[in-house]
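Following: one structure in structure tokens, then a few remarks.
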Amino acid sequence: MGLLVKITGVRYFGNLAINRNFTDALRLAGKLTPKRMHNAARVLQSYYASRRSGQPAPKGLPISLAFEPTTACNLRCPECPSGLRNFTRPTGHLSGDLFRSVIDELADTLLYLTFYFQGEPYLHPQFFDLVQHAAQKRIYTATSTNAHFLDDARAEATVRSGLDRLIISLDGTTQEVYEQYRVGGNLQKVLEGTERLVAWKKKLKSRSPYLVFQFLVVKPNEHQIAEARQLARQLGVDDVAFKTAQLYDYEDGNELMPTQDKYSRYQLGTDGKYFIKNTLASHCWRMWQSCVITWDGQVVPCCFDKDAHHAMGTLGEQSFRDIWYSNPYQEFRAAVLRSRSEIEMCKNCSEGTKVWT
């Protein structure tokens, strides 16, 4: 199981319920096939070979992939381009035909699929159809939601869809604290939607989706960490994850920066300026094993590229395989190996340099 986690970069959070955690890990392992294992081994080998040589030499296709169902969102979170409505790229919904064509191309080798980049996935009118198509290909599926649209019908559809993992943004245990980051949000809707999901899992005798409360730790809510754990236990949520916040303006400090150092991506330097804790070593596992596809088919190398400044190609004009091995992608990988700290989107990255993240 340790090798599986290492290859996929999947991390299992917390110790809320070890047996549930293990069940989810087994569910992921159950998606493995000889072709997917062979592909993962090729990707892993080529990543380390590229690090040693300093030259990009990717082999195999992505182990994991993120699709953006939509850029639409009902909330206005202060550190989110979707919430702030400040994209420089077009906005819209993912085409079902585009999605299916990519999944059909990659199904033999793809292990893990995330339905999330920017926006609220449940606002996509055919969201469950997308999930079901991937589930039928026996690909592990996950998404993240603000949980404002989980009425009884959608809660049932979520459980029936085959979705393997559902991350629910909590970010506060009282409305007063919750809405300081989830601007325009209603905590009661989140809790009621969670209760419906748990109830439908029990009714349908389903162990999926694996439910995770994600708590983005910022200064206004850091005093509620223990309460978040307790709330997860009370509601029957499988796990709880505490995530550090990416802040766009941090050098002079930021009102959202938590006081607890372990939950901050930044630390204060001797010059009185804050800097990211990551050393920005010149390699990145993500460039070899995953990428992101925007709603309109642009292939971007990483989820830190919110506005697709580094689009490597557009699906529909090229096949995924052609884009994955294209000269622009190779040049970008080479730039990462040469000096990752000089790439603007990498400067605020706290991840990517380890095969396990």
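The values are calculated or read from the model by the stated rules, or taken from the named source; none is laboratory data. In this text, all values refer to a predicted model and were calculated from it rather than measured experimentally. Note that we place each Cβ from the backbone using ideal geometry, even for glycine, and neighbour counts take in every protein chain shown. These accessible areas exclude ligands, DNA and RNA; they are computed on the full protein's heavy atoms, side chains included. Shrake-Rupley method; radii C 1.70, N 1.55, O 1.52, S 1.80 Å.
Scanning the stretch 179-201 for residues that are part of a loop (DSSP other than H, G, I, E, B) and open to solvent by less than 50 Å² (accessible area, probe 1.4 Å) turns up Arg182, Gly185.
Residues that are open to solvent by less than 20 Å² (accessible area, probe 1.4 Å), touching a residue at least 40 places away in the same chain (Cβ under 8 Å) and part of a helix (DSSP H, G or I) occur in the stretch 109-123; there is at least one.
If you go through the stretch 19-41 and pick out every residue that is in a helix (DSSP H, G or I) and over 21 Å from the mean Cα position of the chain (by Cα), you end up with 7.
Considering the stretch 136-154, the residues that are touching a Gly at 6+ places or on another chain (Cβ under 9 Å) and among the charged types (D, E, K, R) include one that is surrounded by the most Cβ atoms within 10 Å (Cβ to Cβ), namely Arg154. In this structure, is Lys203 over 22 Å from Tyr116 (Cβ atoms), modelled with pLDDT of 95 or more and of a type in the set (Lys, Arg)? Here the answer is yes, as Lys203 does meet what is asked. Looking at Ser169, Ser206, just one residue is under 18 Å from Asp239 (Cα atoms) and surrounded by fewer than 18 Cβ atoms within 10 Å (Cβ to Cβ), and that residue is Ser206. Taking the stretch 296-338 as the range and being at positive phi and not in a loop (DSSP other than H, G, I, E, B) as the test, only Gly313 passes.
The listed residues are Phe87, Phe99, and the only one of them that is over 17 Å from the mean Cα position of the chain (by Cα), at pLDDT 95 or above and either assigned to a helix (DSSP H, G or I) or farther than 24 Å from Arg36 by Cα (or both) turns out to be Phe99. For beta carbons closer than 8 Å, sequence separation of 6+ or different chains, a first residue in the stretch 274-290 that is of a type in the set (Val, Ile, Thr) and a second that is open to solvent by 40 Å² or more (accessible area, probe 1.4 Å), the qualifying pairs are Ile276/Lys347; Ile276/Ser350.
Contact map, the stretch 35-51: first residue farther than 21 Å from Tyr329 by Cβ, second residue surrounded by fewer than 17 Cβ atoms within 10 Å (Cβ to Cβ) and modelled with pLDDT of 95 or more, Cβ cut-off under 7 Å, separation 6 or more or different chains; pairs are Lys35/Asp108. Note on the stretch 39-65: residues that are open to solvent by 70 Å² or more (accessible area, probe 1.4 Å) and closer than 20 Å to Leu113 by Cβ total 1.
Within the stretch 156-175, the residues that satisfy the criterion of being free of Cβ contacts under 8 Å to residues at least 60 places away in the same chain and either out of contact with any Leu (no Cβ under 6 Å at 6 or more places or on another chain) or part of a loop (DSSP other than H, G, I, E, B) (or both) are Glu156, Ala157, Thr158, Arg160, Ser161, Gly162, Leu163, Ser169, Asp171, Gly172, Thr173, Thr174. The C-beta contact set for the stretch 72-93 (first residue basic (Lys, Arg), second residue surrounded by fewer than 17 Cβ atoms within 10 Å (Cβ to Cβ) and modelled with pLDDT of 85 or more, distance under 7 angstrom, 6+ apart or interchain) comprises Arg76/Val183; Arg76/Gly184; Arg89/Asp307. Going by the structure shown, is His133 open to solvent by 10 Å² or more (accessible area, probe 1.4 Å), touching a Leu at 6+ places or on another chain (Cβ under 9 Å) and within 24 Å of Val300 (Cα to Cα)? No; evaluated as a whole, the condition is false for this residue. For the stretch 270-314, how many residues meet the condition of being over 20 Å from Glu79 (Cα atoms), open to solvent by less than 20 Å² (accessible area, probe 1.4 Å) and not hydrophobic (A, V, I, L, M, F, W, C)? Qualifying residue count, the stretch 270-314: 5. Of the residues that make up the stretch 252-265, is at least one part of a loop (DSSP other than H, G, I, E, B), of a type in the set (Gly, Ala, Ser) and under 20 Å from Cys349 (Cα atoms)? Among the residues of the stretch 252-265, at least one is part of a loop (DSSP other than H, G, I, E, B), of a type in the set (Gly, Ala, Ser) and under 20 Å from Cys349 (Cα atoms), which makes the answer yes. Of all residues in the stretch 224-242, those satisfying the criterion of being out of contact with any strand residue (DSSP E or B) (no Cβ under 9 Å at 6 or more places or on another chain) and either closer than 15 Å to Val190 by Cβ or in contact (Cβ under 8 Å) with a residue 40 or more places away in the chain (or both) are Glu227, Gln234.
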